[in-house]
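Q: Pasting a structure here, questions to come.
Readers should treat all values here as calculations from the given coordinates under stated rules, not as data from a laboratory. These numbers come from a predicted model, not from an experiment. Here the Cβ positions follow ideal geometry from the backbone for every residue, glycine too, while neighbour counts run over all protein chains shown.
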Amino acid sequence: MIDPYELLGVSQDADGQAIKNAYRKRAKTAHPDAGGDVDAFAKLTASYELLSDPLRRKVYDDTGFDPELADSKDLQGLVILETLVNDIILDEREPGSFDPVAAMRRKLTDKIVNARFHILEMERHRARIRNHMDRIGKKPEADVLGRMLKSRCETINEAIAKAETEISNIEKAYGMLDGYSYEVDVVEVKSAAE
């Protein structure tokens, strides 16, 4: 996630004029016509637009998030975390009686393990298909079976790539939990002898 304040070189309490001045100053050297990088200039402009819009700026200040400044992995990570936050909200246990942050980490770890297991299964199927392909004698005119089996391998390759992307997104969500802890109430357990 890009920090628009840092990119423009202004403090969080900067007023509209200070933001405008900072943008103009940086735009002189960042603009592609002045030899600047197109992507860097686009980020600078997006930061300026965010901080110039009072509503978007308030949302960013409150959440640290703006969809236009986030990369796709950040967005996917946030979507994953959103579902886990809903789980916390719907959990009927008393706050302090369990650690929801640890529960989110466990769920994310389980998702990664399941996705990796799924990849291993798909790789096993793909290897079996390739083995069949190597053993089937090809028909001289049209290799219908060979094309079908090759198509299945390509489909499996696409599914593996999709699962690897999912793992990357889950890892991003997991990383977003770094630095969080949760205070659980200590409950004294009385022994049976008492």
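Q: Could you pull out every one of the aspartates and glutamates with an alpha carbon less than 19 Å from that of residue 28, ignoring same-chain neighbours closer than 8 positions?
A: 6, 37, 39, 49
Q: For Rg and Dmax of the Cα atoms in Å, the listed values are (1) 15.9, 51; (2) 25.9, 87; (3) 15.5, 43; which was obtained by calculation from the structure presented?
A: (2)
Q: Something else about it: Per DSSP helix of 4 or more residues, -39500 (n - 2.57); summed, then divided by the residues of the chain. What does that give at 222 nm, rounded to the nearest 500? Mind dumping the intermediate values first?
A: Numbers: 7 runs with 133 residues, N = 194.
After summing the helix terms and dividing by residue count, I get -23500 deg cm²/dmol.
Q: If I take every Cα pair under 8 Å that is 6 or more residues apart in the chain, average their sequence separation and divide by the length, what percent do I get for the relative contact order? Walk me through the numbers before you get to the answer.
A: On the way: 140 pairs, mean separation 45.5, N = 194.
Across the chain, relative contact order equals 23 percent.
Q: Would you list, by chain and number, the lysines whose Cα falls below 28 Å from the Cα of residue 107, excluding same-chain residues fewer than 8 positions away?
A: Reachable lysines: 73, 162, 172.
Q: Name the most mobile residue of 182, 60, 48, meaning the one with the largest mean-square fluctuation, in a Gaussian network model of the chain with Cα contacts below 10 Å.
A: Of 182, 60, 48, the Gaussian network model singles out 182 as fluctuating most.
Q: Can you give the charge dipole size of segment 71-185 about its Cα centre, rounded to the nearest 20 debye, using +1 on the beta carbon of Lys and Arg and -1 on the beta carbon of Asp and Glu?
A: Details: 19 positive and 22 negative charges, 257 e Å.
Using only the charged Cβ atoms, the result is roughly 1240 debye.
Q: What are the ³J(HN,Hα) couplings of segment 165-171, residue after residue, when phi is run through the Karplus curve with 6.51, -1.76, 1.60 and θ = phi - 60°? Round to Hz, x for glycine and proline.
A: With the stated coefficients, segment 165-171 comes to 5, 4, 4, 4, 5, 5, 4 Hz.
Q: Further, regarding this structure: Starting from the Cα of residue 138, draw a straight line to each of the lysines and keep only those under 20 Å, dropping any in the same chain fewer than 8 residues away.
A: Cross-link targets: 150.
Q: Another question, then. About its Cα centre, what dipole magnitude does the chain give when the only charges are +1 on Lys and Arg Cβ and -1 on Asp and Glu Cβ, stated in debye to the nearest 20?
A: Working: 29 positive and 37 negative charges, 291 e Å.
Here the chain has a charge dipole of around 1400 debye.
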